[in-house]
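Engineer: To start, I am sharing the structure in question, which I have written as structure tokens.
The values are calculated or read from the model by the stated rules, or taken from the named source; none is laboratory data. Note that the coordinates shown come from a computational prediction; the quantities given were computed from them, not determined experimentally. Glycine also receives a Cβ, built like all others from the backbone with ideal geometry; neighbour counts cover every protein chain displayed.
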Amino acid sequence: MRPLTEQDIRGSFVNCSKGEAKRLAIPRDLEERPWDDLDFLGWRDPGAPDRSYLVTERSGRLVGVALRFPSRQRGFLHRSMCSLCLTTHPGNGVSLMTARKVGTAGREGNSVGVYMCADLACSLYVRGKKLPGPGSRFEESLTVEEQINRTTDHLSAFLDRLQS
């Protein structure tokens, strides 16, 4: 992914108003992000514990999505799998992220959801740059490049549902 600026990020959101996009918390460490290893930029809002955001490139343009997730805690022994990168995490490592649909459907309260890594670090897990913990990645016959393609395909499918 190419490095993004605050202006790039704020102008990319498709499921919130321009005012909401203007007010959301942008990561302060944009210059330090491992852009070459990211398929999307994802971050949690430090001021709103139930909100997170995701920005990716699709068909040559940026698409930003505001997400919400439950603050309910799961037991440490519970394990869940991310629907995008297929990494399993204990406890709260995976969360159901919901996003308001684009356009009229979203204004009417419709949303779509996907189970994702709660820290939105799917790109780093797939590449082995961040480790989720013992037993969290299973041995795959796919190459890393194929796993990256699968993750981006799953993200695209989510975004398609969001925009339909």
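Engineer: Which of the following residues is modelled with pLDDT of 90 or more, among the hydrophobic types (A, V, I, L, M, F, W, C), at positive phi and in contact with a Ser or Thr (Cβ under 9 Å, 6 or more places away or on another chain): 67, 86?
Structural biologist: None of the others qualify; the one that does is 86.
Engineer: Follow-up. Are any residues in the range 91-105 small (Gly, Ala, Ser) and either crowded, with 20+ Cβ neighbours inside 10 Å or under 18 Å from residue 53 (Cβ atoms) (or both), and if so, which ones?
Structural biologist: The answer is 93, 95, 99.
Engineer: Could you tell me which residue of the range 112-155 is nearest to residue 44 (Cα to Cα), considering only residues that are loosely packed, with under 15 Cβ neighbours inside 10 Å and at pLDDT 95 or above?
Structural biologist: Here the residue is 153.
Engineer: Inside the range 1-51, can you point out the residues that are among the β-branched types (Val, Ile, Thr) and either touching a residue at least 60 places away in the same chain (Cβ under 8 Å) or closer than 19 Å to residue 98 by Cβ (or both)?
Structural biologist: 14
Engineer: Looking only at the range 1-36, which residues are of a type in the set (Gly, Ala, Ser) and surrounded by 13 or more Cβ atoms within 10 Å (Cβ to Cβ)?
Structural biologist: First, the residues of the range 1-36 that are of a type in the set (Gly, Ala, Ser): 11-12, 17, 19, 21, 25.
Selection gives 11, 12, 21, 25.
Engineer: Here is a check on your reading of the model: is residue 54 under 19 Å from residue 106 (Cβ atoms) and surrounded by 12 or more Cβ atoms within 10 Å (Cβ to Cβ)?
Structural biologist: So residue 54 passes the test.
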